[in-house]
Amino acid sequence: MKQYSSIRSVQILAHVLQQYGIDKVVVSPGSRNAPLAIHFSEMDAMQCYSIVDERSAAFVGMGMAKALKKPVAITCTSGSAATNYYPAIVEAFYQNVPLLVLTADRPGDYVDIFDGQTIRQNNLYQQHSYGDFQLMEDTEENSYDYNLDTVKKAVELCIEKSGPVHINIPLSEPLYNLVNELPVLPSIESSIQLKNFDFSSNLAAEWNTSKRILILVGMQDPNPELQMQLSQLVKNHSAVILTEVTSNLDNEKFFSHIDRYIFNFKEEDFKTYTPDLLITVGQNVVSKKVKKFLREAKPKHHWHIDEYWQPDTYFALDRKIETKPEVFFGKLLNNISLEPSSYFNLWDVLRDKMDVRHQESLPKIGYSDFYLFNILSQTIPAEYNIHISNSSAIRYAQLFDFNKYKTYCNRGTSGIDGCTSTAMGFAMMTDEPTLLITGDISFFYDINGLWNPYIPPYTRIVIFNNGEGNIFRIIPGPSDTNAVDELIATQHHRTAELLAKNFGFDYIKAEDEMSLDRVMEAFFKSGPKPKILEVMTKDEHNEDKLKAYFENLKS
């Protein structure tokens, strides 16, 4: 026999979620949100996933939403539990990942009277959400109509903005009164309006009169339609297209290793390679070098194409084009001439030279973090979705051919805190295997990302354990201080072996070239458990080998 919550606001909430096809809910345990957990778990069209740690749970929900490409709901109890959602909400805000955040709360008159787990929850995430809503309790006048309308607005905003929206739900005791049947609630008619984009003839004129066109694509999900459109633009060398690993674009005429090509640019190079027209697509760009180049270059025109964000990253933005990139380029291609450009040849000569130096450098760099990324780029099976943690991991990946894979990274705020949890949430929602490549600090920071009973056996994690946050020896500054070992790089002697056993993963360790080469093939073979490969590089002076690589590129 079904056991639904008797609380009308909870019934309304579940009904509206079902009407909009939101059928995945990440539940963290608690008493105040128990009515939601009980009710959602009895709904035939809903699936609930229990993740204990709220910080991890929110990132798991974000990973699920990225895989599904639709909203996922997360729900927790009141008080500090709700504050633990914040890191993932910020990341989802800047990545435009649709999270519907459902926080249970004490009654409003309990706030600030020192009742347990009672804080100022209303508008808690206001700085980093696309909407903040609070429901009425059932006993309040007009609560039925108000709550039905409020939940509808919140859900539609989450879908329309593709980002986090918060619904705070005050609930008075008793919390565990149940009913066996639900009242009939009205069907919901969506009021989401499709956006139209009108292509301006001025855009075509600016394109056709620009001799040096540079398109820089930042972080975005795989987009086959955009892939075809940009491939058409470079077919006759009409534009230069710079991409990163997180651009999820792959074409031999795209320039896919930005730092390899421009790391040694001087002031005169900024002038030589300056575009007339800069077109940026997508969100965050990893490369600090390309940001410096384009800020110094001062292009005459800069267009940014994105539905949600129009940041003036390069201090030259003069056209904010608020639409999907495939919509924009589809119309652009119908209105411009595609003429060969000497600007493409200029970049192509640079690429050929630096690619040769890159290949010549590889045999000189022995076993290290750098060596691992080179091996991974050649051996990961094509069907894998790859998640890469922040800090040095994503920077190493930029140097190698990971652009042939579907690749994800939490570059919204670029933090290390939820990389594992996000990858595990993604893995839960796809039949394709998922690989997380992570540094040791990022992995240990998010250990609870593995406290998750839903991780599929075809999930893989590669940890490169250099015994510290080695990024702080790569970037200039920290190594010149006395605090670097303990307080900045945070040296340690931990390994993941016992953690793997505790969370039910098979564990493999590599400590040199020979052992790494020997275990790599077996690591990707199917098995009954997910697997962790820990590659130990603590004594390999990784930062020196990376610096030597860039020195080799100069020669």
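The values are calculated or read from the model by the stated rules, or taken from the named source; none is laboratory data. None of these values were measured; they are calculated from a predicted model. Because the Cβ atoms are built from the backbone with ideal geometry, glycine has one as well, and the counts that use them run over all protein chains shown.
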**Complete:** Filtering the range 439-496 for residues that are among the hydrophobic types (A, V, I, L, M, F, W, C), closer than 18 Å to Arg395 by Cβ, in contact with a helix residue (DSSP H, G or I) (Cβ under 8 Å, 6 or more places away or on another chain) and free of Cβ contacts under 8 Å to residues at least 60 places away in the same chain leaves a count of 4
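Suppose we filter the range 108-157 for residues that are in contact (Cβ under 8 Å) with a residue 60 or more places away in the chain, hydrophobic (A, V, I, L, M, F, W, C) and farther than 26 Å from Leu194 by Cα; how many remain? First the steps, then the outcome.
As a first pass, look at the range 108-157 and keep what is in contact (Cβ under 8 Å) with a residue 60 or more places away in the chain: 108, 117, 135-138, 143-144, 147-148, 151-152, 155-156.
Applying the additional criterion that residues be hydrophobic (A, V, I, L, M, F, W, C) yields 135-136, 148, 151, 155.
If we keep only those that are farther than 26 Å from Leu194 by Cα as well, we get 135-136.
Here the count works out to 2.
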**Message:** Looking for something in contact with a His (Cβ under 9 Å, 6 or more places away or on another chain), hydroxyl-bearing (Ser, Thr, Tyr) and more than 30 Å from Arg357 (Cβ to Cβ) - is there at least one such residue anywhere in the range 424-445?
**Reply:** yes
**Message:** Of the conditions (1) within 24 Å of Arg55 (Cα to Cα); (2) among the hydroxyl-bearing types (Ser, Thr, Tyr); (3) more than 24 Å from the chain's Cα centre (by Cα), Tyr507 satisfies every one except a single condition; which number is it?
**Reply:** (1)
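This table checks each residue for (1) within 27 Å of Asn236 (Cβ to Cβ); (2) surrounded by fewer than 20 Cβ atoms within 10 Å (Cβ to Cβ).
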position: Asp269; (1), (2): yes, yes
position: Ile279; (1), (2): yes, no
position: Lys298; (1), (2): no, yes
position: Tyr308; (1), (2): no, yes
position: Ile321; (1), (2): yes, no
position: Glu339; (1), (2): yes, yes
position: Asp352; (1), (2): yes, yes
**Asked** When you go through (1) within 30 Å of Ser392 (Cβ to Cβ); (2) in contact with a Pro (Cβ under 6 Å, 6 or more places away or on another chain) one by one for Lys253, which number turns out not to apply?
**Response** (2)
**Lone unmet requirement of (1) in contact with a helix residue (DSSP H, G or I) (Cβ under 8 Å, 6 or more places away or on another chain); (2) farther than 30 Å from Phe270 by Cα for Glu189** = (1)
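Of all residues in the range 139-154, how many are out of contact with any Phe, Trp or Tyr (no Cβ under 6 Å at 6 or more places or on another chain), more than 16 Å from Leu99 (Cα to Cα) and buried (at least 18 other Cβ atoms within 10 Å of the Cβ)? Outline the logic, then answer.
Here is the first cut: in the range 139-154, the ones out of contact with any Phe, Trp or Tyr (no Cβ under 6 Å at 6 or more places or on another chain) are 139-149, 151-153.
Narrowing the set further to residues that are more than 16 Å from Leu99 (Cα to Cα) leaves 139-149.
Next, only the ones that are buried (at least 18 other Cβ atoms within 10 Å of the Cβ) stay: 147-148.
Residues meeting the conditions: 2.
Select the helices (runs of 4 or more DSSP H) contained entirely in the range 332-445, then report the ones holding at least 3 residues which are more than 19 Å from Leu533 (Cβ to Cβ).
342-361, 419-428
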**Item:** Residue that is farthest from His358 (Cα to Cα), among those in the range 400-411 that are surrounded by 20 or more Cβ atoms within 10 Å (Cβ to Cβ) and not polar (S, T, N, Q)
**Value:** Arg411
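Return the residue satisfying two criteria in turn: it lies in the range 155-206 and is among the charged types (D, E, K, R), surrounded by 11 or more Cβ atoms within 10 Å (Cβ to Cβ) and under 24 Å from Asp145 (Cβ atoms), and of such residues it is farthest from the chain's Cα centre (by Cα).
Of the residues in the range 155-206, the ones among the charged types (D, E, K, R) are 156, 160-161, 173, 181, 189, 195, 198, 206.
Filter once more, so that each one left must be surrounded by 11 or more Cβ atoms within 10 Å (Cβ to Cβ): 156, 160-161, 195, 206.
Next cut, under 24 Å from Asp145 (Cβ atoms) only: 156, 160.
Working: Glu156: 22, Glu160: 19 Å.
Top of the filtered list is Glu156.
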**Prompt:** Going through the range 337-361 one residue at a time, which ones are at pLDDT 95 or above and of a type in the set (A, V, I, L, M)?
**Reply:** Leu346, Val349, Leu350, Met354, Val356
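Only one residue in Ser9, Ser31 is in contact (Cβ under 8 Å) with a residue 12 or more places away in the chain, under 26 Å from Ser172 (Cβ atoms), buried (at least 24 other Cβ atoms within 10 Å of the Cβ) and among the polar types (S, T, N, Q). Which one? Steps first, answer last, please.
Working: Ser31 fails: buried (at least 24 other Cβ atoms within 10 Å of the Cβ).
So the residue among Ser9, Ser31 that is in contact (Cβ under 8 Å) with a residue 12 or more places away in the chain, under 26 Å from Ser172 (Cβ atoms), buried (at least 24 other Cβ atoms within 10 Å of the Cβ) and among the polar types (S, T, N, Q) is Ser9.
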**Asked** For the range 530-544, which residues satisfy the criterion of being over 19 Å from Ile441 (Cβ atoms) and assigned to a helix (DSSP H, G or I)?
**Response** Asp544
**Message:** Of all residues being under 21 Å from the mean Cα position of the chain (by Cα) and aliphatic (A, V, I, L, M) in the range 438-477, which is farthest from Ala58 (Cα to Cα)? Just the residue, please.
**Reply:** Ile471
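Residues that are of a type in the set (A, V, I, L, M) and exposed (fewer than 15 other Cβ atoms within 10 Å of the Cβ): does the range 490-506 have at least one? Spell out the reasoning first.
The initial filter retains those residues of the range 490-506 that are of a type in the set (A, V, I, L, M), namely 496, 498-500.
Keeping just the survivors that are exposed (fewer than 15 other Cβ atoms within 10 Å of the Cβ) gives 498.
For the range 490-506, residues of a type in the set (A, V, I, L, M) and exposed (fewer than 15 other Cβ atoms within 10 Å of the Cβ): present.
Which residues, counting only those in the range 373-391, are of a type outside the set (Val, Ile, Thr) and either farther than 19 Å from Asn465 by Cβ or out of contact with any helix residue (DSSP H, G or I) (no Cβ under 7 Å at 6 or more places or on another chain) (or both)? Steps first, answer last, please.
Pass one, the range 373-391, residues of a type outside the set (Val, Ile, Thr): 373-374, 376-378, 381-385, 387, 389-391.
Matches in the range 373-391: Leu376, Ser377, Gln378, Pro381, Ala382, Glu383, Tyr384, Asn385.
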**Asked** Within the range 221-275, restricting attention to residues that are part of a helix (DSSP H, G or I) and of a type in the set (Val, Ile, Thr), which residue is farthest from Asn374 (Cα to Cα)?
**Response** Thr272
